[in-house]
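Readers should treat all values here as calculations from the given coordinates under stated rules, not as data from a laboratory. None of the values given here were measured: they were computed from a predicted structure. As a convention, Cβ positions derive from the backbone with ideal geometry for all residues, glycine included, and neighbour counts pool all protein chains shown.
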Amino acid sequence: MSISSALSNALSGLSASSRAADIISSNIANAMTDGYGTRRLDTASRVIGNAGAGVSVVGVTRYSDEALIGQRRVAEADLGASRARADFMAQLEGLIGAPDAVGNLSARVADFEGKLITAANAPWNESHLSSAVLAAQSMATGINDVSNGIQEQRLQADGQIAITVDRINGALESLADLNTRIVAAQAGGGEAASLLDAQAQLVEQIVPFIPLQSRRDEAGALYLYSDDGEALLDVRPATLGFTPVAAIAADMTLANGDLSGLTLNGRSLSMDGAYPALGGGELQAMFQLRDQWAPEAQARLDAVARDLVERFDAPGLDGTIATGSPGLFTDAGNLAIPANEIGLAGRLRINVAVDPDQGGAVWRLRDGIGATAEGPTGNATFLTAQVDALAALRPTVSGGFSGAARSAAGLISENLSAAGLRRSAAESELAQIAARHSALESAERAGGVDSDDELQRLLMVEQMFAANARVITAAEEMMDELMRIAR
């Protein structure tokens, strides 16, 4: 071996050692970076003619456990959907009001019933009548507030869907651009590991919303599909479409065209049913909130409002009311009818006939809603009948409740209990999915950058560098000795 060959070999070794040290330092620096894949320097023996000529750097390989990452991504989508459900159920229970919450519906109906009993015991006392009217108004307002809160949750979900769709579309466009750069880099023999990291981070932006399956072709291009087989990135990025609304009312649904559905490249997707499109992630959960969970909660609340109205509209309860006129509780001033039950909870009002602020008189709560003149102040018959109407056991005919007979307080309490059970079940499911996701995430991180292993490799690289440097030093000394001899 000539001195020049020794120098060439050593210089190639120094270059490879320097590149290896650079990669190891990058691994260590990104040990906690999500989406980062451990790099390894690929080297090969360099041959010139029939003789060895040192080492050549072939490239950099990025390592990742795609099977484990795929499982974790599916679990993350499940976690996003479960978290959305648990959050909604907790907010719904908060709107209805837990038994110990100030102003909950159970407390309001109990207060109303108590004020009616007090007024019946002293029907001549105008302050007691006023208190009963205010309690009825508080009852209606409380139901209104819950209904408005449910519709606000639907509107927020609708707006969040729009934001999510824009985010996914942007991520898919960026992924397609990175595909082009990765293919070009690999075709030209360049390094694409950093581009692959950037792609992985973009994929993670989509993962909570849609369960994904991915594959990469021989050229290095990434392909993304939803769990149900919809192509999201296949040569070209797909485009999701959605149109948000400015306001949502209880009777606005996807089925009647008032709300937007989701499209994929202009094709409508079904987000409900047994096999919803793009199902399993937070995106589908937001559609479920807007189109299923919240409407179901609204239907139960409307049933409570209907039950309350019909108790005071019962035939024979108030002989002063004309046919077709409402009793104490109204549908925005009109007689509530079953055909208009949807959204009744948001329109529930007390009859203006008993509201002094709207030209009514509180004595009508004692003498009859339709009374034209004040009757005997000691007559508590109608007040007692209203107390009995609240406490009467009557079947519930709507809202998904069973047909069992209940009092007004019993129905409200059962609605709260149902909300609490749903919240508890959602939180239990969330805890299970979170535990599974955490285990997969820990396993993925364990297979990532191992700092101890990287430091051991760094020591080896340091020794390699020092050895190659010693070869160069030896060659230099040999050349110096030759020059001395030549003189």
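Over the chain, what is the relative contact order in whole percent, taking alpha-carbon pairs under 8 Å and six or more residues apart?
Working: 746 pairs, mean separation 112.7, N = 487.
This gives 23 percent for the chain.
Would you kindly derive the ³J(HN,Hα) couplings of segment 348-363 from the backbone phi angles with the Karplus curve 6.51 cos²θ - 1.76 cosθ + 1.60 (θ = phi - 60°), listing them in order in whole Hz, with x for Gly and Pro?
Coupling constants for segment 348-363: 5, 9, 7, 5, 4, 5, 9, 9, x, 5, 10, x, x, 9, 5, 5 Hz.
Please list, by residue number, everything in segment 4-25 whose backbone N is under 15 Å from a paramagnetic label point 7 Å out along Cα→Cβ of Ile485.
Counting only backbone N, you get 4.
Output the 0 to 90 degree angle, nearest 10, between the alpha-carbon long axis of helix 451-486 and the longest principal axis computed from the alpha carbons of the chain.
Roughly 20 degrees, rounded to the nearest 10.
Check which residues have an amide H placed less than 5 Å from Leu232's amide H, if you skip close sequence neighbours.
Leu224, Tyr225, Ser226
With θ set to phi - 60° and the Karplus curve 6.51 cos²θ - 1.76 cosθ + 1.60, what are the ³J(HN,Hα) couplings of segment 406-414 in order, to the nearest whole Hz, using x for Gly and Pro?
Coupling constants for segment 406-414: 9, 7, 4, 5, x, 5, 5, 5, 5 Hz.
In deg cm²/dmol, rounded to 500, what helix-only [θ] at 222 nm does the chain give when every DSSP H run of at least 4 residues adds -39500 (n - 2.57) and the total is split over its residues? Provide the component values of the computation, followed by the final result.
Details: 12 runs with 271 residues, N = 487.
Only helices count here, giving -19500 deg cm²/dmol.
What spacing in nm lies between the two simple spin-label points modelled at Ala431 and Ser268, each 7 Å away from Cα in the Cβ direction?
Using points 7 Å along Cα→Cβ, the separation is 4.2 nm.
Please list the non-local residues whose amide H lies under 5 Å from the amide H of Gly54, H modeled 1.01 Å from N, same-chain partners needing a gap of 5 or more.
Arg46
Can you list residues whose amide H is under 5 Å from Asn334's amide H, if they're 5+ apart or on another chain and H is modeled 1.01 Å from N?
none
Quick one: if you stick a label point 7 Å off each Cα along the C-beta vector at Arg215 and Asp100, how many nm between them?
With each label point 7 Å from Cα toward Cβ, the separation is 5.6 nm.
With θ set to phi - 60° and the Karplus curve 6.51 cos²θ - 1.76 cosθ + 1.60, what are the ³J(HN,Hα) couplings of segment 247-260 in order, to the nearest whole Hz, using x for Gly and Pro?
Values, residue by residue: 8, 10, 10, 4, 8, 7, 9, 5, 5, 8, x, 6, 10, 7 Hz.
For segment 309-376, just run the numbers: alpha carbon Rg, then divide by 2.2 N^0.38 Å, N being how many residues it has.
Details: Rg = 11.9 Å, N = 68, 2.2 N^0.38 = 10.9 Å.
Relative to the 2.2 N^0.38 Å estimate, segment 309-376 comes out at 1.09.
Length gain on complete extension for the stretch Glu477 to Ile48, per 0.36 nm per residue less the alpha carbon to alpha carbon distance?
Working: separation 429, 0.36 × 429 = 154.44 nm, distance 2.57 nm.
Here the segment from Glu477 to Ile48 would lengthen by 151.9 nm.
What is the Cα radius of gyration of segment 70-437 over 2.2 N^0.38 Å, N being its residue count?
Details: Rg = 27.3 Å, N = 368, 2.2 N^0.38 = 20.8 Å.
That works out to 1.32 for segment 70-437.
Using mean Cβ contacts within 10 Å as the protection proxy, how do 295-306, 466-477 order, highest first? Before the final figure, lay out the partial values.
Numbers: 295-306: 24.0, 466-477: 14.0.
In decreasing order of mean packing, 295-306, 466-477 become 295-306, 466-477.
Nearest 10 degrees is fine. How inclined is helix 294-312 to the longest principal axis of the chain, computing both from alpha carbons?
10
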